[in-house]
Amino acid sequence: MSILDEQEHAVLQKKFLTNDDPNDPMSWADSLMRATDEMLEDFDGELLSVGVSVPGLNDKACEKILSMPGRLKGIDTFDWTQLTSRTSNVRVINDGKAALLGELHSQNFNHVSDVVMLTLGTGVGGAIMIDGKLYQGARGVAGHIGHICLDWQQEKGITGIPGSFEDSIGNSTIAKRTNGRYTSTYDLVQDVKKYDEFAISVWLESVRKLAIAISSINNILDPEMFILGGGILNAGDELFNPLYAYLKEYQWAPTNEDIKLVPAVNGTWAGSIGAALLGKSYS
């Protein structure tokens, strides 16, 4: 969680666990409300707005989550205004979109008008900015880049799309992609650094698909830059060196301009910073 002052500087940041309980589907909501109360106990200033960053599909007014398949049961009926009595201005937004807003602010990219954000972690999140405005589409679905198809012959994902981008590189499928040998992308990358042939093969296949996805998105949207965030960035050169090599192979560059990749800087605070900025924009 992040609290920003009127100059949009973070004055208080804390991390909390949602403590999901399979026997209590709404435990995440109880944890969130307790965490909000604890956070605000340490803040005695005027609270103008609250922004919440969560996975799922938000409505265009950023007042509710419409759908979150397979996770956070009950989120589509949750009343976000009950988070605090100190303000009724509570907005909620998809975490990928929030991350984009936070990165544009933190990296002083206010002059950039066309951007695509990819968050590469448990799954693949995303967000799109066109002409300086967050693009949400006709029904708010836009930006769910992790659910584009990279292999139609594979199993369907949570949205019904087979062989999704998310399943090709997300941490949630690493055990399946390695036949149970690895349970995290971090462990896989550690063995890549040790020149393990199996680890290198799996890793490069994932990075190749990442390059194909980026090149495909570039052909559709032609952004000024792609901002890459998420835990996968911890791989450093093991990620970017092969990624740039694959982009050379797959990108269409009729003007001889390479696709621009920018690492995110906000880390785990990306969503909370972006959500706070969103809330302020409605105050």
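Taking the criterion of being out of contact with any Gly (no Cβ under 9 Å at 6 or more places or on another chain) and touching a residue at least 24 places away in the same chain (Cβ under 8 Å), the residues of region 246-267 that qualify are Tyr246, Leu247, Glu249, Tyr250, Gln251, Trp252, Ile259, Lys260, Leu261, Val262. Counting only strands (runs of 3 or more DSSP E) wholly contained in region 1-104, the ones carrying 3 or more residues that are surrounded by 15 or more Cβ atoms within 10 Å (Cβ to Cβ) and touching an Asp or Glu at 6+ places or on another chain (Cβ under 9 Å) occupy 90-94. When residues in region 131-176 are screened for being surrounded by 13 or more Cβ atoms within 10 Å (Cβ to Cβ) and on the phi > 0 side of the Ramachandran plot, 3 of them pass.
Every number in this text was worked out from the coordinates using simple rules, so none of it is lab data. What you see is a predicted model, and the numbers here were worked out from it, not measured in a lab. All Cβ positions, even for glycine, are placed from backbone atoms using ideal geometry, and neighbour counts span all protein chains on display.
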